[in-house]
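Each remark here refers to the structure printed beneath this line.
The values are calculated or read from the model by the stated rules, or taken from the named source; none is laboratory data. Predicted model, so just to flag it, every value in this text is computed and none were measured. Please note: Cβ atoms are built from the backbone with ideal geometry, for glycine as well, and neighbour counts cover all protein chains shown. For the accessible areas, the whole protein counts, side chains as well, though only heavy atoms, and no ligand, DNA or RNA atoms are used. Shrake-Rupley method; radii C 1.70, N 1.55, O 1.52, S 1.80 Å.
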Amino acid sequence: MTNQPTTHVATTPNQRPATTLEQFRHQLVGDYQKQVLNYFNGQKEKAMKFMSAVVYSAQKNPALLECDRTTLLHAFMACAEYQLYPSSVSGEAYVIPYKGKAQFQLGYQGIITLLYRAGVEAVNAQIICENDAFEYEEGLEPNLVHKPNVLKDRGKPIGVYAIAAINGHKLFKVLSEAEVMKFKGFSQSKNSEYTPWNPDNDPELWMWRKTAIKQLSKLLPKNDALQKAISEDNQDSVIEARRSTLDAGGPAVGRALHDPNASNEPEGK
């Protein structure tokens, strides 16, 4: 008789196998908890809140768990590095499934948070609609006036602007709808049903506002974290770059004027 090797696997009677979400949570806590804690400067409560937000994000969007696991964990670690919570509710950051991989994307509230950390005193962005009265002038004496037609139908959105205050000075950036759509075109995941660019996911046009703020940020002071976050957001994902650092641990004057009483279209459109 030939002796056959035997193996013994310890099992618990009637114990169900771990779900994909449970496996992900176990890997996250087991391999990345220390690194998350480091990103949050040892603040355990904030680190644990972040880990819970990650698990909740994966639970709310099961398509994330179908992504390449390395890209998924690295995308969430990008959120941790900037101390931003991945949530459509907070609007700070998003992790989006795209072609089998997960991508980090900076949210409107996230870029505002990073600008405040960099020393910007105030920042805001507003949508311009076709029935609003809107005027702006650049040059030696820049000026911006926006009178939203809030008591009547404002009409369709035709542009967006961002304003920031730094050292007592105010700066602004105005973008037309066409310019916003051009920047949208740079996003690899723009057509994904999960992207915040999807109108169903963004009825208040926060991505328009974020785009204006990102363009304005070129004129504002930035720290290393803000520069890196914007650069990473511009690429939708920089997985390969992160793999090496992560362990399991005479000025012209321009003028634009939109008067809804004169025309339903912005001048120059």
Quick one: give the max-minus-min coordinate of the C-alpha atoms of segment 67-176 along each principal axis, largest first, in Å.
-> 50, 36, 24
For segment 31-164, accessible area per residue (1.4 Å probe, heavy atoms of protein chains only), Å² = 46
Tell me, what % of the accessible area of segment 31-117 is carbon and sulfur with a 1.4 angstrom probe?
-> 48
Looking at segment 56-130, which trypsin sites (Lys or Arg not before Pro) are in a loop (DSSP not H, G, I, E or B) and have at most 10 other Cβ atoms within 10 Å?
-> K99
If segment 128-205 were replaced by its equivalent ellipsoid, with semi-axes equal to the square roots of 5 times the Cα gyration tensor eigenvalues, what would those be, largest first, whole Å?
-> 26, 18, 11
Distance in nm between pseudo-label sites at D68 and V29 (7 Å out along the Cβ direction from Cα) | 2.8
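Which entries in K34/K60; K99/K156; K60/K170; K49/K156; K46/K170 show an alpha-carbon gap greater than 29 Å?
Pairs exceeding the cut-off: K99/K156; K60/K170; K49/K156; K46/K170.
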